[in-house]
Amino acid sequence: VLKLFKLLHRTRQEVFKNDSKALEAARQKINEEFRNNRDETSEEKIIELLKIASDVEVILRTSVIQAIHTDSDKIVLIPRKELLQDNTPYLDKPTKK
């Protein structure tokens, strides 16, 4: 449980780097969820909660991209290196290998 708690906080720090409002909101939410379930004794419920927390960490790490408003109608995206993937161009007629 503690390992997952620490992992969520490390992921939060990486994903929301340089965004103090998001960092604080994520910190509060992580702490609140773990605090609310601190007295849970049911093994099945604990396993379910750990699965949810693990899924949240994966979603944060793989799906969240920071953006900055630069104008009233423009947004600059700041992707992390882990999110950048090679893109295969679309071809109308696939080539045979």
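The values are calculated or read from the model by the stated rules, or taken from the named source; none is laboratory data. What you see is a predicted model; the values in this text were computed from it and never measured. No Cβ is skipped: glycine too gets one built from the backbone with ideal geometry, and neighbour counts run over all protein chains shown. Remember, those area values only see protein heavy atoms, side chains included, never the ligands or the DNA or RNA. Shrake-Rupley method; radii C 1.70, N 1.55, O 1.52, S 1.80 Å.
Structure values in brief
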| quantity | calculated |
| --- | --- |
| Rounded to the nearest 10 Å², the accessible area of Asp92 at probe 1.4 Å | 130 Å² |
| Between helix 20-36 and the chain: long-axis angle, C-alpha atoms, 0 to 90°, nearest 10 | 40 degrees |
| Nitroxide proxy distance, nm - points 7 Å out along Cα→Cβ at Ile47 and Tyr90 | 4.4 nm |
| Total lysine pairs under 22 Å (Cα atoms) in the stretch 1-83, excluding pairs fewer than 8 apart on one chain | 17 |
| Sequence-separation-based contact order of the stretch 1-83, relative, with Cα cut under 8 Å and 6+ spacing, percent | 31 percent |
| Compactness of the stretch 1-83 - radius of gyration and Dmax, Cα, Å | 15.2, 51 |
| Vicinal HN-Hα couplings computed from phi for the stretch 2-14 (Karplus, 6.51 cos²θ - 1.76 cosθ + 1.60; Hz; Gly/Pro x) | 5, 4, 5, 4, 5, 4, 4, 5, 5, 5, 4, 5, 6 |
| Set of aspartates and glutamates with alpha-carbon distance to Lys93 below 20 Å, sequence-local pairs under 8 removed | none |
| Proximal charge balance of Gln66 [Cβ under 14 Å; K/R count +1, D/E count -1] | +3 |
| Formal net charge of residues neighbouring Thr11 (Cβ-Cβ distance under 9 Å; K, R +1; D, E -1) | +1 |
| Estimated [θ] at 222 nm from DSSP helical runs (n ≥ 4, -39500 (n - 2.57)) normalised by residues in the chain, nearest 500 | -18000 deg cm²/dmol |
